[in-house]
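Novice: Mind looking over this structure? Questions follow.
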Amino acid sequence: MNMETVYLNNFMSSVVTELERNGQYSTAHVCGSVLRSVMAFDGDGLLLSGITPLWLKAYEYYLLHKGENGLEWNTISTYMRMLRAVYNRAVVRKLVPFVPHLFREVFTGRKADHRRVLERNDMRQLLAEKDLDIISPGMEWARACLELMFRFHGMTFVDLAHLRKSDLKDGYLTLRRRKTGMTLSARVDSR
């Protein structure tokens with residue numbers, strides 16, 4: 001491929017396919033979302049070499065203000081970091097030249113501007129009350145899962161879903177994180 005003829009939408013589509021082939025479905029989903037967003041912003045005629053600081057700033061503004069559905073800063077950051085990762089793949093494949101600090105003027109950080117956790121008293125109340133207006137066995141199961149994930153200090157649902165009875169041996173729960181492959185072990189009190 002020639003640097004002059006590589007279109008962003010075609011390259012990103014190939015990256016999505018590659019990610020799916022490698023089993024990176026979540027990353028492929030995010031990349032696909034960014035691709036659809038870029039196409040809504042600038043159509044399908046943008047060359048990879050057309051990604052400039054000015055274009056990135058305009059795209060950021062579009063994401064922040066697109067109608068009544070403007071995105072939050074952390075979502076914009078995710079989109080920009082994905083776009084940067086795709087651009088870097090293109091650089092490695094020598095489809096575009098390396099441009100130092102290309103993404104410097106757009107937000108790629110994280111903002112902690114809203115609470116993401118329940119207050120301690122709210123959590124205690126939720127875990128203490130067994131007769132919350134649970135209307136189905138499925139709701140009770142969901143509450144039990146929440147309690148277990150909380151008691152295991154923030155265990156992710158995907159790790160909980162893959163637990164097996166054999167993971168509990170000699171008073172220790174041992175699991176391998178699905179996302180990172182890291183092995184974790186925690187002592188389980190039988191009280």
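The values are calculated or read from the model by the stated rules, or taken from the named source; none is laboratory data. Please read these numbers as outputs of a predicted model, since none were measured by experiment. Note: areas computed on protein heavy atoms with side chains; ligands, DNA, RNA excluded. Shrake-Rupley method; radii C 1.70, N 1.55, O 1.52, S 1.80 Å.
Novice: What lysines could a cross-link reach from K165, if we take a straight Cα to Cα line under 26 Å and drop same-chain neighbours fewer than 8 places away?
Specialist: Of all the lysines, those that pass the test against K165 - Cα under 26 Å, at least 8 places apart if same chain - are K130, K179.
Novice: In whole percent, what relative contact order does the chain give with Cα contacts below 8 Å and a gap of six or more residues?
Specialist: 15
Novice: Can you compute 3J(HN,Hα) from phi for each residue in the range 168-182, using the Karplus curve 6.51 cos²θ - 1.76 cosθ + 1.60 with θ = phi - 60°, rounded to whole Hz and x for Gly and Pro?
Specialist: After applying 6.51 cos²θ - 1.76 cosθ + 1.60, I find 9, 9, 6, x, 10, 9, 10, 9, 10, 4, 5, 6, 10, x, 6 Hz.
Novice: If you split all Cα-Cα distances of the range 3-93 into 5 Å bins from zero, what percentages do you get per bin, shortest first?
Specialist: 3, 14, 25, 27, 18, 10, 3, 0
Novice: For the range 142-191 and the range 8-70, what is the separation of their Cα centres, given in Å?
Specialist: If you average the Cα positions of each part, the centres end up 36 Å apart.
Novice: Please report the projected area of the chain's Cα convex hull averaged over all directions, in nm².
Specialist: Numbers: hull surface 62.3 nm².
If I average the Cα hull's projected area over directions, I get 15.6 nm².
Novice: If you don't mind, another one. Based on DSSP H assignment, which helices of the chain show an axial Cα extent of at least 20 Å together with a mean Kyte-Doolittle hydropathy greater than or equal to -1.0?
Specialist: For the chain, where a helix must reach 20 Å along its axis and average at least -1.0, the hits are 25-42, 73-92, 137-151.
Novice: Now for a different question. Classify the range 1-40 as rounded, prolate or oblate, taking a ≥ b ≥ c as the square roots of the eigenvalues of its Cα gyration tensor: rounded when a/c is under 1.5, otherwise prolate if a/b is larger than b/c and oblate if not.
Specialist: Verdict is oblate for the range 1-40.
Novice: If you roll a 1.4 angstrom probe over the protein chains with everything in place, what fraction of the accessible area of the chain belongs to carbon and sulfur, to the nearest %?
Specialist: Values: 7290 of 13380 Å².
Of the solvent-accessible surface of the chain, carbon and sulfur hold 55 percent.
Novice: So, for the chain, what is the accessible surface per residue at a probe of 1.4 Å, expressed in square angstrom?
Specialist: Heavy-atom accessible area per residue stands at 70 Å².
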